[in-house]
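The values are calculated or read from the model by the stated rules, or taken from the named source; none is laboratory data. It should be emphasised that the depicted structure is a prediction, and the values quoted were computed from it without experimental measurement. Every residue, glycine among them, receives a Cβ derived from its backbone with ideal geometry; neighbour counts consider all protein chains shown.
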Amino acid sequence: ERTDFGAARWAGHTSNPTPGGPPPVTPKPGESGGAPKVPFTFGTVHLSGLDAAGDLYACTSTSGLSYKIPGRAGDTPIVGAGIYTDNDTGSAGCTGRGEAALQSCAAYETVRLMEEGRGPVESALEALKRIAKHTREKRLLAAQGRPSFNVTIYALRKDGALGSASMHEGYTYIAHRHAKTTLEKCAFVFPKG
Ligand code: ASP
């Protein structure tokens, strides 16, 4: 049995067992009301890159997101949703609420907009607005009809222009240009407050 998944290994259990200790306690139906004893873990990473030969590449990691419905795949491994690269145009990927990225084909939409000639940030913002427009379930809406969740889109164009945008203000991303690595602020659809 693998033991290298950290706390996420025990997501869905009410106890976090130690090696050799008692087995994890799994909640029975209807017992899910109590506070979880396992912390909420998340942290998907997307990387889009352009190599020295001018070819684009990308990967999006799965995050070990806690408390997923068994069998849920999310957007991360779905080409077009959490990741999409067209070597003629650009590359994009998403983190955040996977269902929203899936519903709006967010990574594909971002690359498609870059194909139309838009910049990476503008394309990411447009794709996020499309997600906001598609969000109609009340439980997913906060004040002023804004999505209550975040999605961040990372975009890189074939000419090396890059950027990122998130649904809400306050997110950052890492840019690596030539030998320089910088922490940058994501553009955003909805400002704080
Ligand atoms: N996008 C991931 C998912 O929905 C979660 C994440 O970005 O942490 O599975």
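Some notes on this structure:
- Where helices (runs of 4 or more DSSP H) fall wholly inside the stretch 95-186, the ranges with 2 or more residues that are within 16 Å of the ligand (Cβ to nearest atom) and over 26 Å from Thr41 (Cβ atoms) are 106-115, 120-134.
- Number of positions in the stretch 42-52 that are more than 11 Å from the chain's Cα centre (by Cα) and within 9 Å of the ligand (Cβ to nearest atom): 0
- Residue in the stretch 53-69 that is of a type in the set (Gly, Ala, Ser), more than 10 Å from the ligand (Cβ to nearest atom), in a loop (DSSP other than H, G, I, E, B) and at pLDDT 90 or above present: yes
- Consider the stretch 70-94 and keep the residues that are crowded, with 24+ Cβ neighbours inside 10 Å and not small (Gly, Ala, Ser). The one that is farthest from the ligand (Cβ to nearest atom) is Tyr84.
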